[in-house]
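Colleague: Encoded as structure tokens, here's the structure I'll be asking about.
The values are calculated or read from the model by the stated rules, or taken from the named source; none is laboratory data. Since the structure is predicted, the reported quantities are computational estimates derived from the model, not experimental observations. Cβ placement follows ideal geometry from the backbone for every residue including glycine, while neighbour counts extend to all protein chains displayed.
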Amino acid sequence: MEPLAPVTKVFELGANAEAVLAMLLGFGFGFMLEKGGFGSSKVLAGQWYGYNFAVLRVMFTAIITSMVGLFGLRYLGVVNFELVYVNETFLWPQIVGGFIFGIGFVIGQFCPGTALAACATGKIDAMVFTAGFWIGIVAFSFSFPLFSRFYDSSSMGRMLVSDWLHLPAGVVVFLVVLIALGAFALTHFLDKKLAKS
Amino acid sequence: MAETTQLAESQPKRPAPYWNSYVAGFGLGLVLLASYVLAGRGLGASGAATRIASYAVHKVDAMAHGGTEAEGHTVARANAYMAPYVKGPADPFDDFLVYLMVGILFGGFASGWSAGRVSFEIVKGPHATNKRRLALALLGGFISAYGARLARGCTSGQALSGGATLALGSWAFMLAVFAGGYALAYFLRKEWL
């Protein structure tokens, strides 16, 4: 059987269909973020101070759900994985960028997506965070020549963790699920421990 | 009987609780999976901002230098980072990530509205002041933008979406976010505890 997905790439549905699809996907995304508690900076801050582990639980559940689904459908031949966009790896810019992003996260207690969902429910701290984010993007663009060489350094192309470890993708999927389950167990252990103290 | 009903109605409505984290996470995972299966790409939240901000810089600079005639050579077009987003005649808002952003706003509102959580308020820790909360939110947003642009994505586009495809750089990003966050968290604990 020929792969049926990604649907918009295999069947070439056109720009209008893709726009509607993007809005529906965005709706689901924003809806689930808000339902999970990510529209509140207080919930997000809980991850860093140990009083609410919703960030880790929601995020890792989402990752393993879609990962198992995606690699399962690839295994079954439903999804042509070559047509699926995979973020290219630029290892050091992503490590340094991630570290800076983590610092920004703890200072502002939002990330760009959660802030949007929070803006939609009237949270003023999220609106201010988003304003700071937009100003930061303009500032980044104007200062880009200073670090454009670093930005393009350590390019590894389309590189999966499984390629890097020289393991079959299925094995890494299984390991990620195990690690996620271990992390969930750890958060419940910490919940109990912190409740006692 | 009628009296108690009236009393209950006159009290401010309490927001519904959030969903169980694993249920919300499973739902979010299905949305992400649908994005990959239907559109061949993941979700993202910072790409739209980059596109719109670049276009805004382009338009403002053109207006400041004599309107549409000046659009050929704006600072945005001369800038290596913004140029790809403002070079063509194409509508910059006609983009997957921009439609996605609009959807996020509607979806967030629908969820919050259905749970009674829509209200203009500043959410902060028990001992924090409004002024400090907003100042830190502004600063945090600014710093996050540098991190997200340097890493080519944020928690949505890299950690969540890239993580699900096992992209190596996305996992490196995710671990670095937690490292950076926990490295600083202790020093800001008074804002939230």
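Colleague: Can you find even one residue in the range A:31-38 that is buried (at least 19 other Cβ atoms within 10 Å of the Cβ), touching a helix residue (DSSP H, G or I) at 6+ places or on another chain (Cβ under 8 Å), more than 7 Å from every other protein chain (Cβ to nearest Cβ) and not in a loop (DSSP other than H, G, I, E, B)?
Modeller: No, there is no match, as no residue in the range A:31-38 is buried (at least 19 other Cβ atoms within 10 Å of the Cβ), touching a helix residue (DSSP H, G or I) at 6+ places or on another chain (Cβ under 8 Å), more than 7 Å from every other protein chain (Cβ to nearest Cβ) and not in a loop (DSSP other than H, G, I, E, B).
Colleague: Regarding the range A:84-100, can at least one residue be identified that is at the interface with chain B (Cβ under 7 Å from one of its Cβ atoms), of a type outside the set (S, T, N, Q), free of Cβ contacts under 8 Å to residues at least 40 places away in the same chain and surrounded by 24 or more Cβ atoms within 10 Å (Cβ to Cβ)?
Modeller: yes
Colleague: Can you pull out every residue in the range B:23-62 that is of a type in the set (D, E, K, R) and either surrounded by fewer than 21 Cβ atoms within 10 Å (Cβ to Cβ) or part of a helix (DSSP H, G or I) (or both)?
Modeller: B:51, B:59, B:61
Colleague: List pairs: first residue in the range B:87-110 and under 19 Å from residue A:127 (Cβ atoms), second residue of a type in the set (Ser, Thr, Tyr) anywhere in the structure, Cβ distance under 8 angstrom, at least six positions apart or on different chains.
Modeller: B:108/A:121; B:109/A:121
Colleague: Pick from the range B:84-94 the residues that are in a helix (DSSP H, G or I) and not hydrophobic (A, V, I, L, M, F, W, C): which of them is surrounded by the most Cβ atoms within 10 Å (Cβ to Cβ)?
Modeller: B:85
Colleague: Which count do you get for residues in the range A:164-173 that are free of Cβ contacts under 8 Å to residues at least 60 places away in the same chain and in contact with a helix residue (DSSP H, G or I) (Cβ under 9 Å, 6 or more places away or on another chain)?
Modeller: Selection size over the range A:164-173: 6.
Colleague: Quick check on my filter: what residues within the range B:63-83 are more than 26 Å from the chain's Cα centre (by Cα) and not in a helix (DSSP H, G or I)?
Modeller: Correct list: B:65, B:66, B:74.
Colleague: Limited to the range B:38-67, what total is found for residues that are without any contact (Cβ under 8 Å) to a residue 40 or more places away in the chain and either touching a Pro at 6+ places or on another chain (Cβ under 9 Å) or within 17 Å of residue B:105 (Cα to Cα) (or both)?
Modeller: Residues in the range B:38-67 being without any contact (Cβ under 8 Å) to a residue 40 or more places away in the chain and either touching a Pro at 6+ places or on another chain (Cβ under 9 Å) or within 17 Å of residue B:105 (Cα to Cα) (or both): 5 in total.
Colleague: Moving to a separate point now. Across the range A:74-104, what is the total count of residues that are of a type in the set (A, V, I, L, M) and assigned to a helix (DSSP H, G or I)?
Modeller: Qualifying residue count for the region: 6.
Colleague: Is the range A:105-119 home to any residue that is surrounded by fewer than 24 Cβ atoms within 10 Å (Cβ to Cβ), outside any helix (DSSP H, G or I) and at pLDDT 95 or above?
Modeller: No, there is no match, as no residue in the range A:105-119 is surrounded by fewer than 24 Cβ atoms within 10 Å (Cβ to Cβ), outside any helix (DSSP H, G or I) and at pLDDT 95 or above.
Colleague: Can you pull out every residue in the range A:83-97 that is over 12 Å from residue A:160 (Cβ atoms) and out of contact with any Gly (no Cβ under 7 Å at 6 or more places or on another chain)?
Modeller: Here is the first cut: in the range A:83-97, the residues over 12 Å from residue A:160 (Cβ atoms) are A:83, A:85, A:90-97.
Once the filter is applied, which keeps residues that are over 12 Å from residue A:160 (Cβ atoms) and out of contact with any Gly (no Cβ under 7 Å at 6 or more places or on another chain), the range A:83-97 yields A:92, A:93, A:95, A:96.
Colleague: Looking at residue B:150, is it buried (at least 22 other Cβ atoms within 10 Å of the Cβ), in contact (Cβ under 8 Å) with a residue 40 or more places away in the chain and within 7 Å of another protein chain (Cβ to nearest Cβ)?
Modeller: No, not satisfied.
Colleague: Confirm whether residue B:133 is touching a helix residue (DSSP H, G or I) at 6+ places or on another chain (Cβ under 7 Å) and basic (Lys, Arg).
Modeller: Details: touching a helix residue (DSSP H, G or I) at 6+ places or on another chain (Cβ under 7 Å): yes; basic (Lys, Arg): yes.
In short, yes.
Colleague: Here is a follow-up. Considering A:138, A:128, A:161, which residue is free of Cβ contacts under 8 Å to residues at least 24 places away in the same chain and in contact with a Phe, Trp or Tyr (Cβ under 7 Å, 6 or more places away or on another chain)?
Modeller: Unique residue meeting the criteria: A:161.
Colleague: Go through the range B:130-147 and count every residue that is within 7 Å of chain A (Cβ to nearest Cβ), in contact with an Asp or Glu (Cβ under 9 Å, 6 or more places away or on another chain) and surrounded by fewer than 24 Cβ atoms within 10 Å (Cβ to Cβ).
Modeller: Here the count works out to 3.
Colleague: Looking only at the range A:43-73, how many residues end up being assigned to a helix (DSSP H, G or I) and either touching an Asp or Glu at 6+ places or on another chain (Cβ under 8 Å) or in contact (Cβ under 8 Å) with a residue 40 or more places away in the chain (or both)?
Modeller: Adding up the residues that qualify gives 13.
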